[in-house]
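Asks: Here you go, one structure.
Just so it is clear, none of the values below were taken in a lab; they were calculated from the coordinates. The model shown is predicted, which means the values in this text are computed figures rather than measured ones. Cβ atoms come from the backbone with ideal geometry, glycine included; neighbour counts cover every protein chain shown.
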Amino acid sequence: MDILIHIKGEHEEFKKLMNKITESKTKDKNKLFKELYAKIYGHHYAEENILFPVVKGIVNEENKEIVKEMIEEHNLAIYQFNIVEITSVEDETWNAKFEVLKELIELHMREEEKDLIPLARKVLSKEQVENLFDEFESLHEYKMKEKLKELK
């Protein structure tokens with residue numbers, strides 16, 4: 001499987017889940033939010049440990065900044081995830097905090113699809129793109145399950 005196509009597919013899944021959270025009633029929000037947090041946590045962790053180092057090791061200094069920016073955006077998203085997580089869904093600010101998180105994630109996904117994925121497609125061979133998938137998916141699943149246990 002092509003890791004870059006897979007990442008874009010996961011982005012679509014995240015968008016749908018975020019919209020479901022926005023539209024859901026209070027009792028479902030927390031469960032759906034934890035699912036989103038775990039999935040994105042695993043996704044980010046796998047990107048940072050599987051895809052990003054390979055791309056960063058190949059590109060010139062200017063393009064290394066794209067990878068560094070992606071990591072910083074991950075850090076911002078995790079910070080906001082933590083803010084939302086410690087806020088009760090009954091709190092009147094929960095929806096506003098979640099909307100800020102949603103905007104951060106949507107911006108990050110757009111930038112990743114506009115900048116990082118084309119860069120990776122340019123510098124990685126077809127074989128690399130396919131070989132990275134299994135390791136990415138395995139690490140993603142492991143970290144997602146680990147985060148789900150932590151959030152229970």
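Asks: What number of residues in the range 27-48 are surrounded by fewer than 22 Cβ atoms within 10 Å (Cβ to Cβ) and either among the charged types (D, E, K, R) or touching a Cys at 6+ places or on another chain (Cβ under 7 Å) (or both)?
Replies: Count: 8.
Asks: Tell me, which helices (runs of 4 or more DSSP H) wholly within the range 56-152 include 1 or more residues that are under 21 Å from I21 (Cβ atoms), in contact with a Leu (Cβ under 9 Å, 6 or more places away or on another chain) and of a type in the set (D, E)?
Replies: 61-85
For (1) at negative phi; (2) more than 13 Å from the chain's Cα centre (by Cα); (3) touching a residue at least 12 places away in the same chain (Cβ under 8 Å), each residue gets a yes or a no:
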| residue | (1), (2), (3) |
| --- | --- |
| N63 | yes, yes, yes |
| E69 | yes, yes, yes |
| H74 | yes, no, yes |
| F81 | yes, no, yes |
| S88 | yes, yes, no |
| W94 | yes, yes, yes |
| K102 | yes, no, yes |
| L119 | yes, yes, yes |
| F133 | yes, yes, yes |
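Asks: When you scan the range 49-60, do you find a residue that is under 30 Å from K122 (Cβ atoms), crowded, with 20+ Cβ neighbours inside 10 Å and under 12 Å from the mean Cα position of the chain (by Cα), even just one?
Replies: no
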